Amino acid sequence: MSEGSIESDKEVGVALALGAVALVGAAVLFGYPSQIGRAWGFAAAFVFALCAVVAAQVFD
């Protein structure tokens, strides 16, 4: 038996999940009728996209 380390793709899964939430935030950004809703959509898209990049770096 080999005693090597096991590679994990956790960073890919977490980054994809956070990226999906960022896409929902971007959809809110373009689809919400009021200015405050669009601002919240932008904030959500920005924060979750940032978290996706950080997660990919942390779990690497």
Consider E11 carefully, then state whether it is loosely packed, with under 13 Cβ neighbours inside 10 Å and acidic (D, E).
no
When you go through A45, A17, A22 one by one, which is the residue that is of a type in the set (A, V, I, L, M), assigned to a helix (DSSP H, G or I) and touching a Phe, Trp or Tyr at 6+ places or on another chain (Cβ under 6 Å)?
A22
Qualifying positions in region 29-43 - among the hydrophobic types (A, V, I, L, M, F, W, C) and crowded, with 18+ Cβ neighbours inside 10 Å:
L29
Given (1) in a helix (DSSP H, G or I); (2) over 14 Å from the mean Cα position of the chain (by Cα); (3) free of Cβ contacts under 8 Å to residues at least 12 places away in the same chain, where does W40 come up short, assuming only one miss?
(3)
Would you mention how many residues in region 1-28 are of a type outside the set (G, A, S) and at pLDDT below 90?
8
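The values are calculated or read from the model by the stated rules, or taken from the named source; none is laboratory data. Keep in mind that this is a model prediction, so the values were computed, not measured. Because the Cβ atoms are built from the backbone with ideal geometry, glycine has one as well, and the counts that use them run over all protein chains shown.
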